[in-house]
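Beneath this line is the structure, given in structure tokens, with notes to follow.
The values are calculated or read from the model by the stated rules, or taken from the named source; none is laboratory data. All values reported here derive from a predicted model rather than from experimental measurement. Here Cβ is always computed from backbone atoms with ideal geometry, including for glycine, and neighbour counts include all displayed protein chains.
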Amino acid sequence: MQDKPNFEELLEAVGEFLIKEILPIIKEDEELSYKTLVSWNTLQILAREWKLAEKLMEEDIQRLEKYLQKEENSFRENFLQKKQIWKNLNREFSEIIQRKKISEPNSKEWELVKQSLQAKLQISNPKFL
């Protein structure tokens with residue numbers, strides 16, 4: 001593990017290189033320009049994921065645990081273990097929605113789904129929020 005540059009700084013440097021140095025040179029090539037912009041956007045998503053993913057996942061776990069009336073103490077686990085707990089809770093939550101055929105837009109389940117989607121959008125496309 002390195003101290004400097006860190007993961008975020010590396011992503012930012014590559015992103016700036018693509019946008020400031022490569023894109024102006026290839027602007028006439030629509031396909032290559034498009035692929036460069038997609039690559040830059042991917043780097044932006046990775047940077048947000050690095051920065052926000054664990055916190056947002058922990059918040060989602062807390063909401064799901066409260067709804068499912070469980071207490072996993074997942075915050076003592078490492079990231080991969082938390083991710084597995086999160087997946088298991090989501091699977092259980094999805095099964096409840098399917099089994100009960102919940103489709104009411106004003107239900108507590110719908111509210112949980114919206115909160116989870118908002119967290120995911122903070123990473124994938126915060127401008128959409």
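Identify, from the list D3, D29, the residue that is modelled with pLDDT of 95 or more and out of contact with any helix residue (DSSP H, G or I) (no Cβ under 6 Å at 6 or more places or on another chain).
Step by step, each of D3, D29 is checked, and only D29 is modelled with pLDDT of 95 or more and out of contact with any helix residue (DSSP H, G or I) (no Cβ under 6 Å at 6 or more places or on another chain).
The number of residues in the stretch 85-106 that are in contact with a helix residue (DSSP H, G or I) (Cβ under 9 Å, 6 or more places away or on another chain) and not aromatic (F, W, Y) comes to 10.
Residues that are loosely packed, with under 15 Cβ neighbours inside 10 Å and of a type in the set (K, R) number at least 1 in the following helices (runs of 4 or more DSSP H) confined to the stretch 1-120: 30-68, 79-100.
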